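The values are calculated or read from the model by the stated rules, or taken from the named source; none is laboratory data. Keep in mind it's a predicted model, so treat the numbers as computed, not measured. Glycine gets a Cβ as well: all are built from the backbone with ideal geometry, and neighbour counts include every protein chain shown. Note: areas computed on protein heavy atoms with side chains; ligands, DNA, RNA excluded. Shrake-Rupley method; radii C 1.70, N 1.55, O 1.52, S 1.80 Å.
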Amino acid sequence: GQPFVNDTFALEHDLIINALSTEISSVGAGGGSIVSISATGDVLVGPQSAGADPGPACYGRGGSAPTITDACLLMGIIDPDGFADGEIRLDSALSLAAFEALESRLDAHERIAYAYRIAVHNIAEEVTNVAVRHGVDLRDFTLLAYGAAGPMLLPAALEQLQVKSVVVPPHPGLFSALGLLSTDLVYYDSQSAYMLLTPDAAPRIAQMFEEMESRLRSRVAAGAEGLVVRRSFDGRLFGQSWETPLVEVSEGAITAETVAAMIASFHEEYERRHGNRFEAVPVQGVTYRVQLIVPVEKVDFASIAEDGGSGDPQPTRTRTISYFDAEPFEAPEYERARLAAGARIEGPAIVSEGLSTTFVCPGQNATVGRFGEIAITLEKRT
């Protein structure tokens, strides 16, 4: 349940910054990702983005390049009158003109259809790459679709990825902001000391941790409650030139037994990150870290009302979806705020809300959970 944290990150090619960073793999497939044509005539999606200003062509704010938002608008997934909770009126004519302006032998239907498919493929490809790098099986995982564009793109990637399901949390357009409000305040200190992890290293390691914890406590207001101290170290197999960061160190006095546990934890973390372990190779400690965590109040999702027993909600209207298949098809639209826990929806379907749109593709089922989350799965697994 914890993200991978690295001790370096690449600002650009061959420019490495030595600082803690959460491992994030970005892919140009959001709502603002620009659709273009390559020199060989291929449809490309991203990595360039129209951003919010001028934004997609359909915003009518001067953007002339087509984006994934423009594609989804023309497909019928996005409601032109309900975008951004109705604050932005989208113009589908501008979206169509932007796609028609691309220099391509493809007709407009192909340009729009391919743009959506390539965006979904880009997502599936990068998720697969992350799984391969970490040696994990995607069939053990669920994808979380958040942001404005995630819920209208990720369900379409289910067929390619073979994950268990795609889950759309409550208020996906605010998901990152809610996470930030729930993030604890963390003070941290670190100290480097290159030494093999042997029983003789215990006194020196203990001294460093005690000094760092003392410095951190002096930075926190007197009387602060619920403080949590976490110790960790960055280690490497002896002879390596890079470290595995933030390997957990248990509480209590640092003894020879603690050092043995540190070595075991290193091998566990190494295997978790890289899919291999080499217990015959000595472990070298490089950097020792202490975090002092000041807890904050967390966002709490309330349970929603249970379904009355039918499990079949009533749509508010029907939308026509184009460019997804060879022929257009009808998809019922549901208001998310009216969906009760236990409600079941068969794709194709649209679930609309103020700051996002969920597209349940043909051949998929959606079930509403007790907090209002929507779990989307394929009808059949092979």
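Considering each of LEU73, LEU90, LEU106, LEU94 in turn, give the residue that is part of a loop (DSSP other than H, G, I, E, B) and in contact with a helix residue (DSSP H, G or I) (Cβ under 6 Å, 6 or more places away or on another chain).
One residue alone meets the criteria, LEU90.
So which of GLY63, GLY46, GLY76 is open to solvent by less than 30 Å² (accessible area, probe 1.4 Å), out of contact with any Lys or Arg (no Cβ under 9 Å at 6 or more places or on another chain) and closer than 21 Å to TYR323 by Cα?
None of the other options fit; the residue is GLY46.
Out of segment 237-251, which residues are of a type outside the set (Asp, Glu), modelled with pLDDT of 90 or more and either open to solvent by 40 Å² or more (accessible area, probe 1.4 Å) or within 17 Å of GLU213 (Cβ to Cβ) (or both)?
Residues satisfying the conditions are PHE238, GLY239, VAL249, SER250.
Can you tell me which residue in segment 216-236 is nearest to ARG289 (Cα to Cα), limited to those that are charged (D, E, K, R) and surrounded by 13 or more Cβ atoms within 10 Å (Cβ to Cβ)?
It comes out as ARG231.
Please find, among PRO170, PRO151, the residue that is in a helix (DSSP H, G or I) and touching a residue at least 12 places away in the same chain (Cβ under 8 Å).
Step by step, each of PRO170, PRO151 is checked, and only PRO151 is in a helix (DSSP H, G or I) and touching a residue at least 12 places away in the same chain (Cβ under 8 Å).
So which residues in segment 323-341 are over 12 Å from PHE359 (Cα atoms) and open to solvent by 30 Å² or more (accessible area, probe 1.4 Å)?
Answer for segment 323-341, where residues must be over 12 Å from PHE359 (Cα atoms) and open to solvent by 30 Å² or more (accessible area, probe 1.4 Å): TYR323, ASP325, ALA326, GLU327, PRO328, PHE329, GLU330, GLU335, ALA337, ARG338.
Among all residue pairs at least 6 apart or on different chains, which show Cβ distances below 6 Å where the first residue, located in segment 116-128, is within 25 Å of SER322 (Cα to Cα) and the second is surrounded by fewer than 16 Cβ atoms within 10 Å (Cβ to Cβ) and of a type outside the set (Val, Ile, Thr)?
Matching pairs, first to second residue: ALA124/GLN160.
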